[in-house]
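K.L.:
Sharing a structure here in structure tokens format.
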Amino acid sequence: MAFLPRALLLLLLAVVCIQLSGAVADGPDRCWCLNGVTKYVPREEIEEFSIFPRRSKCDMVEIILTLKPVNNSTKINQRCLSPETKQGNNLQTCWNNKNTNNTPTFKISNCFESHK
């Protein structure tokens with residue numbers, strides 16, 4: 001009789017693990033960027049950026065800029081950039097053309113390398 005409670009507990013644990021793995025694989029349960037910056041951010045202020053495509057729980061492309069530290073600060077500042085801006089379109093083009101390794105973040109300097 002002790003077998004039945006243990007089997008039910010194991011089954012419940014398996015169901016929870018399956019549910020959690022599905023949630024993690026699909027990403028967050030909402031958009032990260034509620035409002036993107038629409039004004040130009042000087043590229044000298046940007047360290048790197050990430051682009052997240054539309055997904056099941058966020059129906060918009062999201063561009064997250066990681067800004068360079070100010071005054072030797074260790075604080076990481078991030079800003080969302082609207083993908084519809086000219087700068088947003090340029091970053092998406094760079095991401096699609098140059099991020100061949102599909103890294104999660106991409107250095108802004110890679111977008112402006114000179115080709116010799």
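The values are calculated or read from the model by the stated rules, or taken from the named source; none is laboratory data. Note that the coordinates shown come from a computational prediction; the quantities given were computed from them, not determined experimentally. Virtual Cβ from ideal backbone geometry, glycine too; neighbours counted across all protein chains shown. Just the protein is used for accessible areas: all its heavy atoms, side chains included, with ligands, DNA and RNA removed. Shrake-Rupley method; radii C 1.70, N 1.55, O 1.52, S 1.80 Å.
K.L.:
So which residues in region 73-100 are open to solvent by 100 Å² or more (accessible area, probe 1.4 Å) and assigned to a loop (DSSP other than H, G, I, E, B), if there are any at all?
P.N.:
Matches in region 73-100: Thr74, Lys75, Ile76, Glu84, Thr100.
K.L.:
Could you please find all residues in region 45-67 being surrounded by 13 or more Cβ atoms within 10 Å (Cβ to Cβ), part of a loop (DSSP other than H, G, I, E, B) and basic (Lys, Arg)?
P.N.:
Result: no residue meets the conditions.
K.L.:
Another question about this same structure. Kindly establish whether Thr103 is surrounded by 11 or more Cβ atoms within 10 Å (Cβ to Cβ), assigned to a loop (DSSP other than H, G, I, E, B) and either small (Gly, Ala, Ser) or under 15 Å from the mean Cα position of the chain (by Cα) (or both).
P.N.:
Yes; evaluated as a whole, the condition is true for this residue.
K.L.:
When both residues are 6+ apart or on different chains and their Cβ atoms are under 7 Å apart, which pairs have a first residue that lies in region 83-97 and is farther than 18 Å from Glu113 by Cα and free of Cβ contacts under 8 Å to residues at least 12 places away in the same chain, and a second that is of a type in the set (Asp, Glu) and buried (at least 17 other Cβ atoms within 10 Å of the Cβ)?
P.N.:
none
K.L.:
What residue, of Val41, Val70, is within 15 Å of Phe112 (Cβ to Cβ) and either open to solvent by 40 Å² or more (accessible area, probe 1.4 Å) or over 16 Å from the mean Cα position of the chain (by Cα) (or both)?
P.N.:
So the residue among Val41, Val70 that is within 15 Å of Phe112 (Cβ to Cβ) and either open to solvent by 40 Å² or more (accessible area, probe 1.4 Å) or over 16 Å from the mean Cα position of the chain (by Cα) (or both) is Val41.
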